[in-house]
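Note sheet for the following structure.
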Amino acid sequence: MLFDAKRGACSYDVVREGEEVILTVDCERCSYVPSLEDNPLCMARTVDKLAEVGGVTKIVFSQKRNYEYEQDQVKLLAEIAQLYRRLVKEKERFGYNAMGSGECKRCTPRRYNELWNIIFNRLKADPLGAYVEVKRILRREHIQLERLPQGCISCTKKYISLLSYLIARLEHTALVRLAQPYLAGYKLGERGIYRRMFSPTIKPDFMFTKLMASYPVSGEEVDAYVLDNNTEVTIFKLPKNIQYLYHVLPPEFKLSEEKYDLLDVARRIITEHKPEKSEFVDPERMRQVFSNVGHDLLEELSENYKVKLRNRELDELTNILVRYTVGFGLIEVLLRDDRIQDVTINSPMGHIPMFIVHQDYGECFTNIIPTPNEAESWASKLRMISGRPLDEANPIMDTELLIPGARARVAVIAPPLNPNGLAYALRRHRDMPWTLPLFIRNRMISPLAAGIMSFLIDGSRTLLVAGTRSAGKTSFLGSIMTEIMRKYRIITIEDTLELPVSPLSKLGYNIQSLKVASAMTSGTTEVGADEGIRTTLRLGDSCLIVGEVRSTEAKALYEAMRVGALANVVAGTIHGDSPYGVYDRVVNDLGVQKTSFKATDIIIVANPIKSPDGLHTCRRVTQITEVRKFWDNDPLAEHGFADLLKYDPKTDQLEPTKDLLNGDSDVLKGVAGRVNEWAGNWDAVWDNIMLRTRLKESLVSLADQAKMPGLLEAGFVVQANDEFHRISDHVRDEVGSLDSKRIEFEWGEWLKGSVKKINLEKG
């Protein structure tokens, strides 16, 4: 296993990195995979090396992949090495004469051979087997002691004393103590228990990140699925741990050795070209260029190395190569899972696994362990992509990451703010925007809430989506954008690009994105957020969507709303857990005048709702509140807030308030006042709101019945909204009013026809 022609065993180096002492063993010539848990000879040779070196904190077996055993596992084997070294020094204690008197020739040779075989052979290769074997021999000797002639008792007691001493020494080691619950019925040579104690992280040569590839022995599998890039995901429930384990096995960890060779050579060639900053201006274009180059390179290498690759295999290797050269490694694998909402990477790197938030299992830890080299590589790429600094003067970076199949907001913290190095937090966004029907389906809002939102958006109201962190504010703001008719222009303003501008543009929206300076970054050439908002006033009549209201732009935004420069929908997100919390934030923290705050029409509050056991969280809109205009100093004391809908934990949804049901809403009446048919007619207003409610609800119902979730995605929802407006206009022209029954019937017929057409196209 560990044979080297020059030294008689695999060559090794001892590398010191700070406080770590790393034993690196070269296993390139090994005929099979190095493994402490599976291979007794590998364990024996490693014990020899630990006995020679001492103080080792990490063991790395270097083959096509690096197999790394961390300090807690190394300590288990280091104790065995120390015991072995001690027993070697005490070998006279186990010598031939110590087995009995010179006359006792019948038993001494057998005892001598079996004990020396245990100490100097089995102990290093199978310490648990050595312990079990000594225990069994001791039991045998005790039984035989009662039947032995008088002349043999003295020798046997000496042997029992040696066995007892050896057992005591073994029981003093952590390995034997940890294994005690599993030793009943142990068969010599079995390695199952070692798999409970030893599990390496694995890192192929061409990548930095390490992966705990083996499944947890004591884990209970609760879910498993495969992502579209041939990545296997398994969710485990573990004893003594309240968090689930998100175990991922991407295709790069399942390749043949010859494919590893190709990737390693290709990576070395590719990395000779250092991408310039200008190349990162368009990351999508850069990836495509590198993908084309990598594909041709791998194809050429496969011919040179005589490795036959199908087109599918070549494409897979190309994707892996790009991921670990100009891409972001296993971060991309995680972000391709649309069930993942957040990824957290804490410092110091190299010891702590990545953490994720899963839509079904909440906060989980993963089997991925990033390294300092990888963290630095990510930081360099993000600097070039964003054009923003990340240094001692600017230890915080907010930016966005766009990869094939996913996009995310990224926050990075660096020294001196983070004394332990770099740390990352990524918030994954859906490939397509959220829609109100999708939120109905997952119970974030009720159908009535969706109907009212549709009515308010068509009525060009000003909306603020408030909530705590991870409440779903930006996602809900994205759903508001899908309700805006495509005939209106939309301008978005963000410091970190999170809104679904690109997907909406592909759906035919007239949409322009403005990126402004982050409030947490200095020394940048980017335009300030307040200037960005004032710029929108010179870009023509447009709906204005502000990613987050959090700094000086608040004054500019309210100034624009007050002078009536923005006649269409104005919407944004803001931190706050209640309508008054929003008022407090806008007026007291951001310095907007109290009278200016009245330009806000509607506040939508979204908050996470926890289960009674505290283990589960769901996102819900908890209030939709209008801001009334007739108050002077304190909107809370002077009834300046009126809830239209409020969350009821018993029904787990938004319920209409008496004010809404009685038509006591200044904002809704303000929308109605601009339409001849609705002015002064609350029944007509309510009838239109309920029409919109029923249409949203019927779309969700049909999508579930037909098992067509795509009907709830933005592409179809935008078509459905357009059709609603077209039919409404057609009906009003024909009959002179918005006949709800006729609109609902014609829209329903269109919906059935559209579904039928989709099914026919599917075949």
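The values are calculated or read from the model by the stated rules, or taken from the named source; none is laboratory data. Predicted model, so just to flag it, every value in this text is computed and none were measured. Ideal geometry is used to build each Cβ from the backbone, glycine not excepted, and the neighbour counts take in all protein chains shown. Calculation scope for accessible area: heavy atoms of the full protein, side chains included, ligands and nucleic acids excluded. Shrake-Rupley method; radii C 1.70, N 1.55, O 1.52, S 1.80 Å.
A few points about this structure:
- When the strands (runs of 3 or more DSSP E) confined to region 1-113 are screened for residues that are within 19 Å of K210 (Cβ to Cβ), of a type in the set (D, E, K, R) and modelled with pLDDT under 85, none reaches at least 3 such residues.
- The listed residue being farther than 20 Å from M485 by Cβ and at pLDDT 95 or above, out of I727, I624: I624
- Y159 passes every criterion in (1) in contact (Cβ under 8 Å) with a residue 40 or more places away in the chain; (2) touching a Lys or Arg at 6+ places or on another chain (Cβ under 9 Å); (3) within 30 Å of N241 (Cα to Cα); (4) among the hydroxyl-bearing types (S, T, Y) apart from (3).
- Answer residue from region 234-245, given it is farther than 23 Å from M349 by Cβ and touching a residue at least 60 places away in the same chain (Cβ under 8 Å) and is most open to solvent (accessible area, probe 1.4 Å) among those: I242
- Filtered residue count, region 609-634, keeping only those that are out of contact with any Lys or Arg (no Cβ under 6 Å at 6 or more places or on another chain) and either surrounded by 23 or more Cβ atoms within 10 Å (Cβ to Cβ) or over 28 Å from A556 (Cβ atoms) (or both): 16
- Subset of region 439-459 (residues that are open to solvent by 20 Å² or more (accessible area, probe 1.4 Å) and within 22 Å of the chain's Cα centre (by Cα)): N442
- Scanning region 189-219 for residues that are in contact with a Lys or Arg (Cβ under 8 Å, 6 or more places away or on another chain) and open to solvent by 20 Å² or more (accessible area, probe 1.4 Å) yields I202, K203, D205, S214, V217, S218, G219.
- The listed residues are V222, V248, V307, and the only one of them that is among the aliphatic types (A, V, I, L, M), at pLDDT 85 or above and open to solvent by 30 Å² or more (accessible area, probe 1.4 Å) turns out to be V222.
- Note on region 614-647: among residues that are more than 29 Å from the chain's Cα centre (by Cα) and among the small types (G, A, S), the one that is nearest to Q359 (Cα to Cα) is A642.
- Residues of region 20-36 that turn out to be under 32 Å from the mean Cα position of the chain (by Cα) and either touching a residue at least 60 places away in the same chain (Cβ under 8 Å) or open to solvent by 10 Å² or more (accessible area, probe 1.4 Å) (or both), as a count: 7
- When I758 is tested against (1) touching a Gly at 6+ places or on another chain (Cβ under 9 Å); (2) open to solvent by 70 Å² or more (accessible area, probe 1.4 Å); (3) among the aliphatic types (A, V, I, L, M), only condition (2) is not met.
- Taken together, the criteria exclude I396 from residues that are β-branched (V, I, T) and either surrounded by 20 or more Cβ atoms within 10 Å (Cβ to Cβ) or touching a Gly at 6+ places or on another chain (Cβ under 9 Å) (or both).
- Some residue of region 416-435 being part of a loop (DSSP other than H, G, I, E, B), under 25 Å from L211 (Cβ atoms) and open to solvent by 50 Å² or more (accessible area, probe 1.4 Å): yes
- For region 567-579, the candidate set comprises residues that are over 10 Å from I603 (Cα atoms) and open to solvent by 20 Å² or more (accessible area, probe 1.4 Å); within that set, the residue that is nearest to the chain's Cα centre (by Cα) is H575.
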